[in-house]
Amino acid sequence: MRAAIAPQGSDLSVAARCRALELPRATYYRAQPEAAEADMSLRSLIQQTAVEWPAYGYRRITAELRRRGHAVNRKRVLRLMREDNLLILRKRRFVHTTNSDHRLPVYPNLVPELLVTGRDQLWVSDITYIRLLREFIYLAVILDAFSRRVIGWALERTLETELALSALRMALAARAVTAELVHHSDRGVQYASLSYTALLKERGIRISMSRRGNAYDNAQAESFMKTLKYEEVYLREYETMAEARASIGHFLEAVYNQKRLHSALGYVPPAEFEQRNTQPVSP
């Protein structure tokens, strides 16, 4: 191939030769031994990273390799992942667990008027289901909207209010409640319950809820749940509650918070983003 594109004694540029033969310039460079060797080296790095992070697309794979000190081009990573059939195909649908058919008080959506500039200004929450071998269990999470960090979570066999309350108590134990803090959720009965809203009011936290039937109002929490499903739940076959709790807990605390690159944070993990963007407290 290389001889056909670059015959001896030719004065034509690579671009001219490729145009004459109606071939892309990449074909010329891939035909060179050093280029092929470099491709094999990069392909090996990509495959190793894809095994470690099976739900990463080419953008996150590129970012991860750059964080590890490799100078890689995003288009080249995309090409090699496409050739090796490593691109993610997402086919499963996300299932909602919201029951807003109740007569409990609901609260206005405060999120559009907020400008989130730091941690503990806006917490967002949601609930999803997890399928075990013989039953369904339910996960409630609370995220800090600034860093997308999981700050509270709970896993139970029922959708009772205690599920959401357990996640909220974890968040309250781990974080500081600021004067401007807003808690946002959908209108589900768990979040509208008197015990849940009473705890928020007791701690001086303003309450915000999505508009009825508008998924975009709680987009951050729902986006996180999709990440959890594709990068943890769909890759496992939990048999017991204990197994699910251990595996999901590890993903939330050790993987998602500490290692997983987040595109909205400039491809750094939530914990690192908080560390970079937290102002030191004056003595």
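Since every read-out is calculated from the coordinates, none of them should be taken as a lab result. Treat the numbers as computed from the prediction; the structure is a model and nothing was measured.
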Problem set entry | Cα-based Rg / Dmax (Å) for the range 111-277 | 15.3, 45
Problem set entry | the range 44-49 - phi-based ³J(HN,Hα) in whole Hz, Karplus 6.51/-1.76/1.60, Gly and Pro as x | 5, 4, 4, 5, 5, 5
For this session: Could you pull out every residue, at least 5 positions away or on a different chain, whose amide H is within less than 5 Å of the one on R149? Hs are placed 1.01 Å off N in the peptide plane, and Pro or chain starts have none.
Result: D144
Exercise. Amide H of Y267: which non-local residues (sequence gap of 5 or more, or other chain) have their own amide H closer than 5 Å, using H built in the peptide plane?
Worked result: H262
